[in-house]
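Please read the structure below before turning to the comments.
The values are calculated or read from the model by the stated rules, or taken from the named source; none is laboratory data. What you are looking at is a predicted structure, and each value in this text was computed from that prediction instead of being measured. Cβ placement follows ideal geometry from the backbone for every residue including glycine, while neighbour counts extend to all protein chains displayed. Heavy atoms of the whole protein, side chains included, go into the accessibility calculation; ligands, DNA and RNA do not. Shrake-Rupley method; radii C 1.70, N 1.55, O 1.52, S 1.80 Å.
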Amino acid sequence: MSIIQLKLSHVRRITLLLSLLAFFSLCRSSTDLDYLNPAMTQVGCIEHEREALLQIKSAFTDDPRGKLSSWTGRDCCTDWAGVTCSNMTGHVEELDLSDASLSGDLSSSITDLKYLTYLNLAYIDFRYKKIPEFIGSMKRLTYLNMSYSLFSGVIPPQLGNLSNLVELYLGYTNSDAVYRISTELSWLSSLSSLHHLAIRKVNLSRASGKWLHSVNMLSNLISLDISDCGLAQLPQTLPLFNLTSLTHLDLSTNNLNSSIPTWLSNASSLEVVHISFSGLVGRIPGLSFQNMCSLRIIDLRRNSLKSGLIELIDTLANCSNGSMQVLHLQDNRLEDYLPESLGRLRNLNNIDLSFNFLFGSIPTSLGTLANLESINLFGNLMNGTIPESLGQLEGLHYLEIGGNHWQGFIRDAHLSNLVNLIHLCLSCSNQSLIFDISTGWNPSFNLFTLCIWDCKLGPSFPAWVASQTNLQVLVLTNTALSGTVPGWIWKLSTQLDYLDLSENHLQGNLPAVLTLKKLSYGFMNLGDNLFDGRLPRLRNISELSLKNNKLSGVMSSDLLGQVPLLFRIDLSGNMLVGNIPKKWDGMDRLEYIDFSGNNLSGNVPKWRGNYLEEMRLHGNLFKGSLPAELCSLSYLHVLDISHNELSGAIPPCFGKMIGFRESRKLSLSKLQYRIRILSFKMELIMKGNMLMFERNLPLLNFIDLSGNKLSGNIPEQITNLSNLNGLNLSRNQISGHIPENIGLMVNLESLDLSNNALEGLIPASLASITSLSHLNLSHNNLSGPIPTKNQFQTFDDPSIYEANPGLCGTPLLKTCTNPDKHPDKDHLDNSGVSEKMMLVISIVLGFIFGFWAVCGTLAIKRSWRDAYFRFLGI
């Protein structure tokens, strides 16, 4: 056989062999695919994984929304909600159990899902059980979400074994005020694949300054959110910065008490920075934001930053291709001005610098920011004129520049091109800003909110306001308006939620019915004007002030009209007469009442509402006794019924008034509502002076019953009012002693008991009230030495004690016979001496009478003496 034939034969054999190998390989591949994809050989998912899912379901004891109701039958991959299987293998790869209504336990059977990569346990009520350690064995997981789930205890460090995790979310709901989960974060450093990390409302106080070192090991991290976790430190140095891929940073709502570190500038990829509500202090270093040309959002609000705004804006403006869109630095302590470089932030659309100490004027360059939609400079110290360049901002929706000291004029050019404006609020001081708008000017915008106060807008109403058909809020306070209110204002009020025309010179009669928009919680303030005539009926109004006008007549029962949700009403400073109708007794939603300074008479109404917080009936003609029903008003914390003609004793149940005994817990939203800028103002005599309370009124606890004809004793129970700040019982006919335990009123700042018929000693316990700063005990019948300890060392004005003939000691000229001892102590000492003396005298007299009764008889009668000696054998 030739060599060629041998080679061909060899090639044929090799070809045949390769063909056989290919055939067997194909057969094996087909067999492997059948093995790997059970869906080709069986119905439903893999049986042992199905059993594991059923075990997980059974561990949840409450499922009111039926989250797991579809978990029946054999095909868990297609029919079971929240379960996703691989198309290739049939294994369960994703499990989404997130549901706010689901509650129970997490079964350890979840670890039988060996191929699980995605696990979402968010919002589940786990009844504050500990986070199971077995989660740390599920090493294929790339996504784990346990945020807003009700776990508790320490986060198990076994989570550090999940080296394939790309996304990790842990934490609680924002409404939960208690940190129930804690950790120290050292286990984080092994999660090298992590891209997104969010830890919210987890107690990280144990992490100290080491938390940053652990996080810095995550070199692939893109977003980092560690908010509301009690972090107490923001390290200022970081030798090697590894977070070069970071684009989102959120450290809000912590207790950092640190300055902004300069190492932050190494995160040149950052797009979003949120470090609000975190106690940042000092200067904003421009170096911290150097080279951050990708930044879109900076949120540093609600901190204690003092300066550096100019440097920050200059630094951001140096980026030729800058992306800055949102700059929020409100509620800090910034003492800076706005530089012209602000106009170089071409993409800026929202700037909020309200509630700082900014000075200077608005830079004209602001008018070049074509993308700007919102400006808020409220509550600063800015002055100067408002530049007409603001009128070029056609995209502007929100302009809030009130609470400053602007000067000059507002003309058509300031407003003409603001075609998209829906919110306009501005104010100045002393009406130094004057509106000089052309007659017949018709604005191109249609506002939802118009607020102008402390500026000169009048004397007549601006006609252009009538064209604002979308208005919901209209405030024209202290704007020099005078004359009668045009009819279109009252017509406009039917679409308003908020109307404030107070502190002007408006006059004439009010319409028969005052009304706001239907189904709204409407606020109307027409106070401090010259309105006269009768009280109108009310409709759709929840808060009303008509104070300091010339309204007269009686308060008819028709006054209330259609106001089922009347919360606050101020009719003080008018000329109203007659009784308060009994219909007011049923207004159980009332929170605030001020009817002071009228000529109202009859009995004090027996308000039975559970919401009443502040009540002032000062300066009327009310008679009768104090109604005991006042004691049941559990939220009442300001009570002023002074200068009336009330008689009788102070009810002992006053000592049970919860609002004066216990600290009230106001939610943040409630407190913000009660201290809002456009709120009710109440005048109270506190510390001997008439003071105006507005934003701080919700925090005051005060009782004033002065200037009546009250008699009897001061009830001992009143000393239970430990949260009371001010008590005024002066100018009555109260007698008896000052309660001995008055020192229990530990928060008392002002006490006036003058012009009564009190007698006895000044209690020594009164000196223990260290908060007491105002005291008046004059014109009584008090006696004994004036205490000299603690606060009494500051009460050195003799008028505090004058017209008490029996008082002595500093600061009075009358000296005490034994000034070092309190009379109560002298009484005890004298009583003790008298008792001892009586004991000695009794013993001596007993001995004398006993001795002579026996011995004298023996000496006189011989027969008794002989019998006695015979008895003794003598």
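Rolling a 1.4 Å probe across all protein chains gives residue 436 an accessible area of roughly 70 Å².
For residue 656, the aspartates and glutamates whose Cα comes closer than 12 Å to its Cα, not counting residues fewer than 8 places off in the same chain, are 629, 716.
Within the same chain, aspartates and glutamates fewer than 8 places from residue 814 are excluded, and of the rest, those with a Cα less than 12 Å from its Cα are 802.
Here region 232-257 and region 570-634 have alpha carbon centers that stand 56 Å from each other.
For region 394-498, what class follows from the C-alpha gyration tensor (a ≥ b ≥ c being the square roots of its eigenvalues): rounded when a/c is under 1.5, otherwise prolate if a/b is larger than b/c, else oblate?
Working: a/c = 1.38, a/b = 1.05, b/c = 1.30.
It is rounded, given that a/c, with a ≥ b ≥ c, falls under 1.5.
Can you tell me the length gained on complete extension of the stretch residue 48 to residue 803, counting 0.36 nm per residue apart and subtracting the Cα distance? The residue 48-residue 803 span can extend by a further 262.3 nm. Computed from the Cβ-Cβ distance with R0 of 56 Å, the FRET efficiency linking residue 623 to residue 134 stands at 0.15.
Mind giving me the FRET efficiency for residue 565 and residue 58? R0 is 56 Å, r the Cβ-Cβ distance, nearest 0.05 is fine. Walk me through the intermediate numbers first.
On the way: r = 48 Å, r/R0 = 0.85.
Taking R0 as 56 Å, the efficiency between residue 565 and residue 58 is 0.70.
Please compute the net charge surrounding residue 325, taking Lys and Arg as +1 and Asp and Glu as -1 over other residues with Cβ under 13 Å from its Cβ. That sum, taken over residues with Cβ under 13 Å, equals -2. Relative intensity of region 217-330 on a log10 scale, I(q)/I(0) at q = 0.15, 0.21 Å⁻¹, equals -0.60, -1.27, per a Debye sum over C-alpha point scatterers of equal strength in the absence of solvent.
Tell me the net charge near residue 548. Cut-off is 10 Å between Cβ atoms, residue 548 excluded, with +1 for each Lys or Arg and -1 for each Asp or Glu. Let's see the in-between values first.
Working: positive: 547, 550; negative: 503, 528, 570.
So the surrounding residues net to -1.
Of the listed pairs 550/687; 114/201; 583/606; 491/582; 518/550, which have alpha-carbon separations greater than 20 Å here? Please list the in-between numbers first.
Values: 550/687 30 Å; 114/201 31 Å; 583/606 10 Å; 491/582 32 Å; 518/550 28 Å.
In this structure, 550/687; 114/201; 491/582; 518/550 exceed 20 Å between Cα atoms.
In the chain, the ratio of gyration radius to Kirkwood radius, Rg to Rh, stands at 1.16 when only Cα atoms are counted. Can you tally the net charge around residue 81? Count Lys and Arg as +1, Asp and Glu as -1, for every other residue whose Cβ sits under 13 Å from the Cβ of residue 81. Net charge around residue 81: -3. For residue 139, which aspartates and glutamates qualify as cross-link partners when the Cα separation must be under 15 Å and same-chain residues fewer than eight apart are set aside? The reachable aspartates and glutamates, counting only those whose Cα sits under 15 Å from residue 139, are 93, 94, 112, 167. Taking all protein chains as they are arranged and a probe of 1.4 Å, the heavy atoms of residue 412 leave approximately 30 Å² accessible to solvent.
Helix-derived [θ] at 222 nm for the chain: sum -39500 (n - 2.57) over DSSP H runs of at least 4, divide by residue count, nearest 500? Show your work: numbers first, answer last.
On the way: 10 runs with 131 residues, N = 874.
Mean residue ellipticity, 222 nm, calculated: -5000 deg cm²/dmol.
Assuming R0 = 22 Å, what is the FRET efficiency of residue 373 and residue 463, from their Cβ-Cβ distance, to the nearest 0.05? All intermediate terms of the calculation are to be shown ahead of the outcome.
Details: r = 28 Å, r/R0 = 1.29.
For R0 = 22 Å, the calculated efficiency reads 0.20.
Explain nothing, just the number: dipole magnitude of the chain about its Cα centre with +1 on each Lys and Arg Cβ and -1 on each Asp and Glu Cβ, in debye rounded to the nearest 20. Show your work: numbers first, answer last.
Numbers: 67 positive and 74 negative charges, 306 e Å.
Rounded to the nearest 20 debye, it is 1460 debye.
Each label point was placed 7 Å from the Cα along the Cα-to-Cβ direction; for residue 111 and residue 72 their separation is 3.2 nm. Phi angles across region 548-557 convert, under the Karplus curve 6.51 cos²θ - 1.76 cosθ + 1.60 with θ = phi - 60°, into 3J(HN,Hα) values of 6, 10, 10, 6, 9, x, 9, 8, 6, 5 Hz, Gly and Pro given as x. Karplus-derived 3J(HN,Hα) values for region 635-641, using 6.51 cos²θ - 1.76 cosθ + 1.60 with θ = phi - 60°, are 9, 5, 9, 9, 10, 10, 10 Hz; glycine and proline are entered as x.
So between residue 269 and residue 814, what do we pick up on full extension, going 0.36 nm a residue minus the alpha carbon distance? The partial results should precede the final answer.
Details: separation 545, 0.36 × 545 = 196.20 nm, distance 7.94 nm.
Result: 188.3 nm gained on full extension.
Determine the alpha carbon to alpha carbon distance for each of 129/210; 623/789; 57/130 and list only those over 29 Å. Don't skip to the answer; put the middle values down first.
Values: 129/210 27 Å; 623/789 41 Å; 57/130 19 Å.
Over 29 Å Cα-Cα: 623/789.
Close amide H contacts of residue 525 (hydrogens built in the peptide plane, cut-off under 5 Å, sequence separation of 5 or more or a different chain): 499, 500, 501, 545.
When the charge dipole of the chain is built from unit charges on Cβ atoms (+1 for Lys and Arg, -1 for Asp and Glu) and taken about the Cα centre, the candidate among 235, 770, 303 whose Cα reaches farthest toward its positive end is 770.
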